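Below is one structure, written out as structure tokens; comments come after it.
The values are calculated or read from the model by the stated rules, or taken from the named source; none is laboratory data. Bear in mind that the values here come from a model prediction, so they are computed numbers and not experimental data. Reconstructed Cβ throughout: ideal geometry from the backbone, glycine too, with neighbour counts over all protein chains shown.
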């Protein structure tokens, strides 16, 4: 399985345009915040001690969540391409099981998503450090890097299920465009989660990306939120999605971890069941 993972990694990073476009959704979110959203949001939170730094850390968390979705989806397009051009059938002849081949795509996508999130994180931190003087402690940075792995794996498993039945790469490209545009809303960058209508908020709560973004924001903003006045702290967290509002209470970091992990386990079980069904179907047709 390792040679397949290496193959998928090489094919992905060899296509530099593909790497760029896989990050495009996250880069657009980042760019829109800098050019259009930041000034308006600063006016809304000018009562904070360091509003620019608060919002910088907030958008870093959301942008990383978007990147985990778009980069892994782009990486999994290799699986659809292999299916379309019958490469998958050739891989089965190597003796590897269908499950191991499929897991190689998921694990390669996880590695790709993790590496690109780390690169994007370093770029954003460097920019905001230069512009607004933010600083992130080493222990927080380490925790963020750990979360990039969980975020990438969770997104890879979900995206695998979404593209699993797609028959050609053109369909995946169109689907990726939709996901890239929608992901900024789903993690609450274009419009903060707490400002959305109730229906939209409920829809966002059904997506793992919202909880991933909440984890990132809770980690990155932990220290700076200590300086926020208690009378506006809850409203800030609720509005900006620093914790998801469930039954009137905001989720904690541990609860968000548990939700993302639980959803990922359920999705893995679905993959195993689907693989077993396909295997039985293949045997019955031989």
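Exactly one condition in (1) surrounded by fewer than 24 Cβ atoms within 10 Å (Cβ to Cβ); (2) modelled with pLDDT of 95 or more is false for residue 66; which is it?
Status for residue 66: all satisfied but (1).
Residues to consider are 239, 261; find the one that is surrounded by fewer than 17 Cβ atoms within 10 Å (Cβ to Cβ), in contact with a helix residue (DSSP H, G or I) (Cβ under 8 Å, 6 or more places away or on another chain) and in a helix (DSSP H, G or I).
Being surrounded by fewer than 17 Cβ atoms within 10 Å (Cβ to Cβ), in contact with a helix residue (DSSP H, G or I) (Cβ under 8 Å, 6 or more places away or on another chain) and in a helix (DSSP H, G or I) holds for just one of 239, 261, which is 261.
From 272, 254, which residue is assigned to a helix (DSSP H, G or I) and touching a residue at least 60 places away in the same chain (Cβ under 8 Å)?
Only one candidate qualifies: 272.
Looking at (1) in contact (Cβ under 8 Å) with a residue 24 or more places away in the chain; (2) assigned to a loop (DSSP other than H, G, I, E, B); (3) over 17 Å from residue 121 (Cα atoms), which is the one condition that is false for residue 189?
All conditions pass for residue 189, except number (3).
Mind checking whether some residue in segment 174-183 is over 30 Å from residue 138 (Cα atoms) and in contact with a strand residue (DSSP E or B) (Cβ under 9 Å, 6 or more places away or on another chain)?
Checking segment 174-183: not a single residue is over 30 Å from residue 138 (Cα atoms) and in contact with a strand residue (DSSP E or B) (Cβ under 9 Å, 6 or more places away or on another chain).
Kindly indicate whether any position in segment 32-47 is without any contact (Cβ under 8 Å) to a residue 40 or more places away in the chain, outside any helix (DSSP H, G or I) and surrounded by fewer than 17 Cβ atoms within 10 Å (Cβ to Cβ).
yes
Just name the residue that is farthest from residue 223 (Cα to Cα) out of those in segment 109-135 that are buried (at least 18 other Cβ atoms within 10 Å of the Cβ) and more than 15 Å from the chain's Cα centre (by Cα).
124
Could you check residue 220 against (1) crowded, with 23+ Cβ neighbours inside 10 Å; (2) closer than 18 Å to residue 259 by Cβ and say which number it fails?
So residue 220 meets the others, but not (2).
The rows are residues; the columns are (1) touching a residue at least 40 places away in the same chain (Cβ under 8 Å); (2) more than 23 Å from residue 20 (Cβ to Cβ); (3) in a helix (DSSP H, G or I).
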{"site": "104", "(1), (2), (3)": "yes, yes, yes"}
{"site": "136", "(1), (2), (3)": "yes, yes, no"}
{"site": "143", "(1), (2), (3)": "yes, yes, yes"}
{"site": "146", "(1), (2), (3)": "no, yes, yes"}
{"site": "155", "(1), (2), (3)": "yes, no, yes"}
{"site": "171", "(1), (2), (3)": "yes, no, yes"}
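Is it true that residue 150 is surrounded by 22 or more Cβ atoms within 10 Å (Cβ to Cβ) and in contact (Cβ under 8 Å) with a residue 12 or more places away in the chain?
So residue 150 fails the test.
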